[in-house]
Amino acid sequence: MDTKQKLTFILNDADLAQELKDIALKVQNTERITFDEGVYLYEHAELGFLGVLANYIREQKHGDRTYFNRNFHIEPTNVCVYTCNFCSYSRLIKNKEEGWEMSVDGMIDALKKYDNEPVTEVHITGGVVPKQNLDFYAEFFRRTKAHRPGLHIKALTPVEYYYIFKKAKLSHYDGMRYMQEAGLDSMPGGGAEIFHPEIREKIANDKCNAEQWLDIHEQAHKLRMRTNATMLYGHIEQFWHRVDHMERLRQLQDKTGGFQAFIPLKFRNQNNQMDHVPEVSVIEDLRNYAIARIYMDNFDHIKAYWAMISRQTAQLSLNFGVDDIDGTLDDTTKIYSMAGAEEQTPGMSTKDLVNLIKQVHRQPIERDTLYNVVTDYTDYVFDEEVKPQFYKLPVIN
Ligand code: SF4
């Protein structure tokens, strides 16, 4: 049975609750579900049901195409002026000798290590420190573009920008324009956590709030910059907080259309001040991806960070609404491993990633940051791939 037939089967199921049937009908008719329906899905829908709906949307939008990109990360510092309780990565500014703080020269050296690699993007994020200010990043972006003009710079989040622009006494719009002129191409989705103040004040009390986060993205979109959005789920929030979070993003996307991907991020509980909070199950991870795919009807892509949830869960997620797996990291990020992710040295070759996608009968497409196709690996055979071997059987006379 293909996904369309499965959806029809669900719609004809006499035992299914009317509320779920109404939602399934909306999905079939490409209609938006409401806030209350989003909460209803979280509270009542089973994984199998969600999978059919999310997969239907995914295949309507992308067929079997599954995207990945070849990128590397630079994390300029793990010292931070902020004190988010879920953070396993940062060292407080008062203990900064325990952390690292790179110079612009150091970051350019890190970049140069990839000179002969076919990467298309550098992803930059880390902590927030006074020294890494407007001039610091503007110089880094300019030198990066001078060194390798074709490399896409996806850098920093509103958490960093809010701090940097405030210090430089620049409006969000002027600050983003300054960064864009220096070479910034797009913005990743971090720092969103959970927007609702009831939760944000408990887990990320002192950094930019929801309105500031959303405004910086809005200003970036006005400058025709594309950005992503995340949601840190599975800690002390309730289901309706997740829907509230997605609703705010959905509204901004209606206004600007500047978001590319929505990336649910699983809360991990090691080495942070929330280690007493249990992590949610893989089932809940998959339910969350699926509901995100159903709710975020105006987002083109739902992305899974395999380094955070493990490659097996990422592979499973491709049947629950996810169409993008980030990325061929070369052990260049510490953010997930320090929080207790299964992947302690998160590297995956292109061949590994392509095979992971093919194993579940999807089409691997290498993309650039803006989802232009770089290479379609659907029928690609790797040189060094182990070919089936045939041996001559001994002939017994
Ligand atoms: S999550 Fe980001 S802003 Fe918060 S403490 Fe960690 S590095 Fe700093």
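For the structure I just gave you, tell me whether Lys26 is over 30 Å from Thr378 (Cα atoms), within 16 Å of the ligand (Cβ to nearest atom) and either of a type in the set (Phe, Trp, Tyr) or in a helix (DSSP H, G or I) (or both). Working first, answer last.
On the way: over 30 Å from Thr378 (Cα atoms): yes; within 16 Å of the ligand (Cβ to nearest atom): no; either of a type in the set (Phe, Trp, Tyr) or in a helix (DSSP H, G or I) (or both): yes.
Taking the combined requirement at face value, the residue does not satisfy it.
Which is charged (D, E, K, R), surrounded by fewer than 18 Cβ atoms within 10 Å (Cβ to Cβ) and at pLDDT below 95, of Asp36, Asp13, Asp22?
That would be Asp13, the only listed residue that is charged (D, E, K, R), surrounded by fewer than 18 Cβ atoms within 10 Å (Cβ to Cβ) and at pLDDT below 95.
Within the stretch 179-195, count every residue that is within 16 Å of the ligand (Cβ to nearest atom) and either surrounded by fewer than 24 Cβ atoms within 10 Å (Cβ to Cβ) or not acidic (Asp, Glu) (or both).
So the count comes out to 8.
With the requirement that a residue be closer than 18 Å to Ala261 by Cα and among the β-branched types (Val, Ile, Thr), what does the stretch 282-320 give you?
Answer for the stretch 282-320, where residues must be closer than 18 Å to Ala261 by Cα and among the β-branched types (Val, Ile, Thr): Ile291, Ile294, Ile302, Ile309.
Just checking, how many residues over the stretch 323-363 are at pLDDT 60 or above, surrounded by fewer than 22 Cβ atoms within 10 Å (Cβ to Cβ) and part of a helix (DSSP H, G or I)?
7
Would you pick out the residues in the stretch 356-382 that are touching a strand residue (DSSP E or B) at 6+ places or on another chain (Cβ under 9 Å) and among the hydrophobic types (A, V, I, L, M, F, W, C)?
Of everything in the stretch 356-382, those that are touching a strand residue (DSSP E or B) at 6+ places or on another chain (Cβ under 9 Å) and among the hydrophobic types (A, V, I, L, M, F, W, C) turn out to be Leu356, Ile357, Val360, Ile365, Leu370, Val373, Val374.
Under 7 Å between Cβ atoms, which residue pairs at least 6 apart in sequence (or on different chains) link something in the stretch 21-33 that is within 13 Å of Met296 (Cα to Cα) with a partner that is modelled with pLDDT of 95 or more and assigned to a loop (DSSP other than H, G, I, E, B)?
Partner pairs satisfying both residue conditions: Arg32/Asp297.
The values are calculated or read from the model by the stated rules, or taken from the named source; none is laboratory data. Worth saying up front: this structure is predicted, and the values here are computed from it rather than measured. For neighbour counting, all protein chains shown are included, and Cβ atoms are generated from backbone atoms with ideal geometry for every residue, glycine included.
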